[in-house]
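Report on the following structure.
The values are calculated or read from the model by the stated rules, or taken from the named source; none is laboratory data. What you see is a predicted model, and the numbers here were worked out from it, not measured in a lab. Cβ coordinates were reconstructed from backbone atoms using ideal geometry, including for glycine residues, and neighbour counts include every protein chain displayed. Side chains are part of the model used for accessible areas, which takes the heavy atoms of the whole protein and leaves out ligands, DNA and RNA. Shrake-Rupley method; radii C 1.70, N 1.55, O 1.52, S 1.80 Å.
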Amino acid sequence: MNPVITTPVFSPALPEIILAVGAMVLILIGAFRGERSTGLVNVLALVLLALAFLSVGALPNERVTTFSNAFVVDGFAKFMKALTLLGSFAAIAMAGDYMRREGFARFEFPILVVLATIGMLMVISANDLIALYLGLELLSLPSYVIASIHRDNLRSTEAGLKYFVLGALSSGMLLYGASMVYGFTGSVSFPAIAAVLKGEAGIGVILGIVFVAAGVAFKISAVPFHMWTPDVYEGAPTPVTAFFAAAPKMAAMAMAVRVFVGAFPNVLGQWQQIIIFVSIASMALGSFAAIGQRNIKRLMAYSSIGNVGYALIGLAAGTPEGIQGVAIYMAIYLAMTLGAFACILAMRRDDVMFENIDELSGVARTHPVMAFCFAMMLFSLAGIPPLAGFFAKFYVFAAAIKANLVTLAVVGVVTSVIGAYYYLRIVKIMYFDEPRPGFSPMDNELKIVLGITSAVVLLFWLIPAPLVGAAGAAARSLF
């Protein structure tokens with residue numbers, strides 16, 4: 001008797017299909033019209049991402065698998081895909097004027113972002129090791145090109161090369177770990193691996209988990225695989241850095257949750273120790289290494305390493321509350337990061353971009369609204385109440401305490417206090433140092449992104465229920 005198929009095979013992958021077909025069309029438009037098509041391709045890429053975002057809402061709420069169980073859609077996938085698409089949309093929107101002024105506006109950029117986004121969505125829905133690796137490579141390869149898209153800039157080219165070499169190494173480690181897990185469990189499917197691993201895992205599986213964790217840690221730029229992050233963030237064009245700090249972080253953190261909670265739920269004791277070590281190391285390095293930084297993009301790189309450490313606290317808990325904390329943290333982190341980079345992209349005088357923190361001297365007197373919004377982003381990143389960043393940390397710390405990981409939560413609080421120093425130093429420079437000549441007027445796209453993200457950061461405490469409820473439903477769908 002043939003099984004009844006209740007869902008068309010391709011419908012769970014609707015956002016990916018929209019982006020894939022759309023990317024092919026954009027490539028043809030670019031090929032036929034050349035550089036004249038840059039503006040049109042930019043707009044069409046934004047339309048594509050908006051359509052994909054809307055199609056996420058049309059996906060079923062219950063768990064659905066397709067493509068021989070390699071691809072899964074559930075509440076968690078929908079939540080993280082929505083965040084990823086928002087991050088990619090904002091990155092393209094903020095990039096247009098910057099690239100035109102810097103003289104390297106090309107139609108390839110939005111297409112590469114769309115292709116990388118397909119990889120991100122694939123990673124979020126991966127339900128086996130092969131699908132995970134394919135999605136990861138589809139995310140990584142366009143990212144290497146995007147990092148070095150400013151071909152005439154030595155720093156950009158160097159950033160792309162560093163990212164490529166280290167990314168290839170991390171992919172190899174992930175693949176090696178996946179092959180070991182397959183060898184010792186006899187399956188690449190996450191549910192099948194989970195069914196085989198009951199209680200204690202053998203030394204071979206543990207080694208496989210370690211290598212998989214190394215590959216995952218590279219993608220989320222967690223210590224000790226963070227070495228590429230400061231150099232790539234500093235060297236890549238600023239809109240590209242904003243993209244790396246936003247959308248891929250959502251997908252990579254979703255990948256970490258999907259791998260460990262989906263494939264290894266019954267050996268929590270084995271991988272929990274790895275996550276706890278990576279979390280503590282990331283929080284510590286993110287707090288201390290950023291103190292001496294003078295380049296704002298490099299500082300944001302160390303900030304992102306620290307923030308990944310905080311998000312991993314929720315994963316280390318391994319509970320529905322912990323995963324809910326991760327989902328809330330990543331959503332708020334997305335808003336804070338996009339808002340901060342909107343301000344960084346506005347650090348421009350007479351078509352010259354600045355990245356030195358000292359250029360923000362006295363900006364509160366020349367651009368009071370921008371200074372206020374940037375200060376709110378920095379206060380939120382530091383975790384100061386009642387801003388959204390405080391609640392992001394509160395949820396992951398609370399989940400850790402509930403899971404008896406009190407020491408981890410205490411380390412998180414201590415490193416938050418240390419990390420607040422370098423955020424508050426920027427606020428001090430903006431509000432108390434002697435003003436320098438004012439920056440050029442902010443682009444409209446940056447104003448819109450900054451306005452929306454500032455509203456999220458400032459007003460989250462008034463209406464937290466929608467995000468908290470959605471994150472809770474997303475987390476429960478995994479258990």
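Structural remarks
- Averaged per residue, the range 280-345 has 16 square angstrom of accessible surface, using a 1.4 angstrom probe with ligands and nucleic acids left out.
- Once the Cα gyration tensor of the chain is diagonalised, semi-axes √(5λ) in Å: 34, 27, 20
- Cα convex hull, the range 331-479: 122 Å³ per residue, rounded to a whole number.
- With every protein chain in place, the chain: carbon and sulfur % of accessible area (1.4 Å): 70
- For the range 73-114, the solvent-accessible area with a 1.4 angstrom probe is 23 square angstrom per residue.
- Dipole-positive endmost among ALA45, GLY103, PHE76 within the range 12-131 (Cβ charges, Cα centre): GLY103
- Taking a quarter of the surface of the Cα convex hull of the range 253-338 gives a mean projected area of 5.5 nm².
- Hits among aspartates and glutamates - C-alpha to C-alpha of LYS78 under 17 Å, sequence gap 8 or more where chains match: GLU16, GLU62
- Helix content alone sets the calculated 222 nm mean residue ellipticity of the chain: runs of n ≥ 4 DSSP H residues at -39500 (n - 2.57) each, divided across all residues, give -25000 deg cm²/dmol.
- Each label was represented as a point 7 Å from its Cα along the Cα-to-Cβ direction; for LEU40 and MET24 these points are 2.0 nm apart.
- Relative to the dominant Cα principal axis of the chain, helix 465-476 is inclined by about 30°.
- Karplus-based coupling profile of the range 47-57, in residue order and whole Hz: 4, 4, 5, 5, 5, 5, 4, 5, 5, 4, x, with θ = phi - 60° in 6.51 cos²θ - 1.76 cosθ + 1.60 and x standing for Gly or Pro.
- FRET efficiency estimate (nearest 0.05) - Cβ-Cβ, VAL196 to MET227, R0 25 angstrom: 0.15
- Modelled this way, with points 7 Å down the Cα-to-C-beta line, the labels at SER68 and GLN273 are 3.6 nm from one another.
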